[in-house]
Amino acid sequence: MNNIVFFFSGTGNCLKAAKTIAGELGNCEIVSMGKGKPGKITLSKKYDSIGFVFPVYFFGLPNRVVEFIENLDLSNNQNAYYYSLATHGGHVGNAACQIYELVNKRHDIKMNFNCDLKMFSNYVNMYNMRKNGGETTKKSNENLVPIVNSIKNRETNSINKLTKVFAFVNTSFRKNVSAKDKNYNISDNCTGCGICSKVCPVSNIELSSNKPQFKHNCEQCVACIQYCPVKAINYKNSTQKRRRYTHPEIDYRELSRYNH
């Protein structure tokens with residue numbers, strides 16, 4: 001049996017979930033939805049299951065996830081088992097029904113199983129994160145087990161309709177998100193290590209004179225802020241004294257290998 005799971009991850013939460021699913025399914029490829037530039041992607045191989053694992057951004061899908069699915073050619077895999085897992089720190093919003101409608105409208109495929117998983121909330125641009133995410137991480141690992149079992153057993157479920165308020169918020173966010181990196185600043189602490197460029201899931205950062213330069217294709221995944229070892233990257237004047245978070249099981253080197 002051939003399986004594939006696509007993921008989008010900034011701070012490692014979704015990569016952790018995708019790796020767990022792939023490990024349990026067996027013979028499963030793991031592919032980043034952020035790798036390379038958006039463009040037509042054809043799945044020449046036939047798969048028994050195809051999954052999408054992604055974070056919830058402002059009650060819905062990130063831009064790159066929408067772009068990736070719109071450009072994905074699934075014509076050879078009409079009969080695969082399709083599932084999605086939306087990770088979130090607060091409310092899942094429209095994410096599950098949004099991807100269901102997107103796949104159905106773009107590919108004439110009805111997804112079989114859509115679910116969500118609460119993980120550590122880490123959008124540092126808006127708030128200071130809790131001191132210890134260990135309890136939340138432990139709980140999310142436990143809650144992932146029945147989800148994986150449902151996927152292995154090819155369970156199906158129904159989907160709720162889109163909520164207009166959530167749709168408006170997510171659409172507004174996606175419309176304006178790409179240029180939000182103009183609000184990032186680099187302090188003198190920067191050592192030019194390049195970790196920010198390596199972990200960016202959409203290749204939005206390149207080094208110039210050993211300093212990060214943003215290319216205004218941002219997704220607001222905050223990987224650059226969270227993985228910077230010296231807290232040199234910050235959003236406006238908001239994040240300098242806030243705590244940082246990356247998934248404890250995902251090293252920046254591993255995230256970089258998947259994203260580039």
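Only the coordinates and a few stated rules stand behind these numbers; no lab work does. A quick note: this is a predicted structure, and the numbers were derived from the prediction, not measured. Every residue, glycine as well, gets a Cβ built from its backbone with ideal geometry; the counts of neighbours run over all protein chains shown.
General observations
- Expected 222 nm ellipticity per residue - DSSP helices of 4 or more, -39500 (n - 2.57), all of the chain, to 500: -10000 deg cm²/dmol
- Within the chain, the cysteines lacking any other cysteine Cβ closer than 4.7 Å to their own Cβ are 14, 28, 97, 115, 190, 193, 200, 218, 221, 228.
- Here the 3J(HN,Hα) profile of segment 245-260, calculated from phi with Karplus coefficients 6.51, -1.76 and 1.60 at θ = phi - 60°, is 8, 9, 4, x, 9, 10, 7, 4, 5, 5, 4, 5, 4, 6, 7, 10 Hz, Gly and Pro shown as x.
- In straight-distance terms, cross-link reach from residue 175 covers every one of the lysines whose alpha-carbon lies under 17 Å from its own, apart from those fewer than eight places away in the same chain; here that gives 164, 215.
- Segment 178-259 gives an Rg/Rh value of 0.92, both radii derived from C-alpha positions and Rh following Kirkwood.
- Between segment 67-110 and segment 153-206, the Cα center-to-center distance that results, in Å: 18
- Net +/- balance of residues flanking residue 19 in space, Cβ distance below 13 Å, scoring K and R +1, D and E -1: -3
- Taken along its three principal axes, the alpha carbon spread of segment 109-208 comes to 52, 33, 26 Å, from the longest extent down to the shortest.
- Segment 1-115 shape via C-alpha gyration tensor axes, a/c threshold 1.5: rounded
- Sequence-distant residues sharing a close amide H with residue 41 (under 5 Å, placed H): 72, 73
- Convex hull volume of the chain per residue (C-alpha atoms, cubic angstrom): 119
- Each of the peptides 93-106, 48-61 was scored by the mean count of other Cβ atoms within 10 Å over its residues; in descending order, highest first, they stand as 48-61, 93-106.
- The chain: most fluctuating residue of 115, 228, 190 per GNM, C-alpha cutoff 10 Å: 190
- Within the straight-line cut-off of under 16 Å between alpha carbons, the aspartates and glutamates reachable from residue 118 are 135, 142, sequence neighbours fewer than 8 places apart in one chain being disregarded.
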